[in-house]
Amino acid sequence: MLKFGLNTESCHLSMQNKRMDIFQFIDFAADLGFDGVGINVIEKRNLQEGLGALGKDDPEHIKKVAEKIKERGLYVDLDTRGTGYEHLSHMLEVADLLGAEVVRTFVMVGNKFSYTNLIGEFSQEGMNQAYEDLKKMIPLCEKHRIKIAVENHAAETMGEVMDLVNRLDSQWIGVLFDYGNSIPVYEDPMHALEQCTDKLLRVHLKDQVICKTGDANELEYCMCETAVGEGACDVVGLSKYILTHTTLDRLNVETSYPYAGRFTRPAGTGGVKELGEGAFRIAEPPFPMEKIKPLEYYSYGGEMVDELIEEQKASLVRGLKFLHQMRDDFENGKL
């Protein structure tokens, strides 16, 4: 049966504002009806104890988290970033302790890290270095029996990701397809998915629309995530394609609503030249811009934080209901 996991990024406001720790997140996901969890170990605002949402970088702590996951009957995936050998080697050890079979990463180059710069920028030199890094990881992946999934992380087209993965030509290195991350590079999500089917290891399932942000004199368009089923991404069509063209039976929800991000490449980079149709539909921001602008959502800790946290949780309830209906329709031959 198709299973749904919940990524810690889907509760980023609760976690970054210290309203939820990793153990509470696991209970939250299980109680809501999810089948697994994805744990993002990247440092974020107020999540700097060592392994992001996972918490302390300590084997005994990690084992306790693994016990909690097993106790709740969930599967687990691990999310990190970067391709450095020392870092990824450690991530495989952490994944081993957790019981994860796949580690997500992405190529992080260009700008230095900040809590609002989570993507970096594209460069072919960075992709070439990632090839050298990941080539060294293959024997370790085989040793641990853990695969690495390279994500299209809002800076690369899927063709650029696939060029890297195909050059590596290993069963231990594949792709994580994010339902919305092709949009910042002006690439239709279905076009991106069709390119990576043979190498697909995991997905990040999300939904989003295009919104305006900024001040009246400096408005710009950005990607604004929504509850699953309420945005412009063809969640049903993309999911059906995955279920009929691959053996993947786990779809991990990583919808960081409320969250917004900028376009990272020029119009036309991924084949789409204009906004307005399909996955690039334009809509109003979910919250009044005089109170909070979309690009302020992710690291927000102001007076609206309680309202945003409650809406974030409510959006996950609505999204999971949508996904369960989608699963039922698929299994009953209605899709």
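The values are calculated or read from the model by the stated rules, or taken from the named source; none is laboratory data. Being a predicted model, the structure only gives us computed values, none of them experimental. Because the Cβ atoms are built from the backbone with ideal geometry, glycine has one as well, and the counts that use them run over all protein chains shown. The protein model used for the area step is the full one, side chains on, heavy atoms only, and it has no ligands, DNA or RNA in it. Shrake-Rupley method; radii C 1.70, N 1.55, O 1.52, S 1.80 Å.
Sorting 246, 264 on solvent-accessible area from highest to lowest, probe radius 1.4 Å, gives 264, 246. For segment 269-335, the calculated P(r) over all alpha carbon pairs, in 10 Å bins from 0 to the bin holding the longest distance, is 15, 28, 32, 22, 3 percent.
Using only Cα atoms, locate the centre of segment 272-335 and the centre of segment 72-111, then give the distance between them in Å, rounded to an integer. Between the Cα centres of segment 272-335 and segment 72-111 lies a distance of 26 Å. For segment 104-244, the alpha-carbon coordinates run over 53, 39, 23 Å along the three principal axes, in decreasing order.
Once the Kirkwood radius over Cα pairs is known for segment 172-212, the Stokes-Einstein relation at 25 °C and 0.890 mPa s delivers a diffusion coefficient of 225 µm²/s. Secondary-structure-derived ellipticity at 222 nm for the chain, considering helices only, amounts to -11500 deg cm²/dmol, per-run term -39500 (n - 2.57) for DSSP H runs with n ≥ 4.
With kT/(6 pi eta Rh) evaluated at 10 °C and eta = 1.306 mPa s, and Rh the Kirkwood radius from Cα pairs, segment 1-69 diffuses with a coefficient of 131 µm²/s according to Stokes-Einstein.
Using only Cα atoms, what is the ratio of the radius of gyration of segment 29-92 to 2.2 N^0.38 Å?
Expressed relative to 2.2 N^0.38 Å, the Cα Rg reads 1.17.
Looking at segment 222-309, the trypsin sites (Lys or Arg not before Pro) that sit in a DSSP loop and have at most 12 other Cβ atoms within 10 Å of their own Cβ are 273, 291. Relative to one another, the C-alpha centroids of segment 177-198 and segment 32-50 are positioned 24 Å apart.
With a threshold of 24 Å on the Cα-Cα distance, the over-threshold entries among 3/334; 63/199; 68/135 are 63/199; 68/135.
Restricting the GluC sites (Glu not before Pro) of segment 248-277 to loop positions (DSSP other than H, G, I, E, B) with no more than 15 neighbouring Cβ atoms within 10 Å leaves 274, 277.
With R₀ fixed at 30 Å, the C-beta to C-beta distance from residue 273 to residue 166 puts the FRET efficiency at about 0.65. A compact globular protein would have a Cα radius of gyration near 2.2 N^0.38 Å; the ratio found for the chain is 0.93.
Along its principal axes, segment 226-331 has C-alpha extents of 44, 35, 19 angstrom, given from the largest down.
How would 169, 328 rank on accessible area, largest to smallest, probe 1.4 Å? Provide the component values of the computation, followed by the final result.
Details: 169 120, 328 70 Å².
Listed by decreasing accessible area, they come as 169, 328.
Applying a 4.7 Å Cβ-Cβ cutoff to the chain leaves 11, 141, 196, 222, 233 as cysteine residues with no disulfide-compatible partner.
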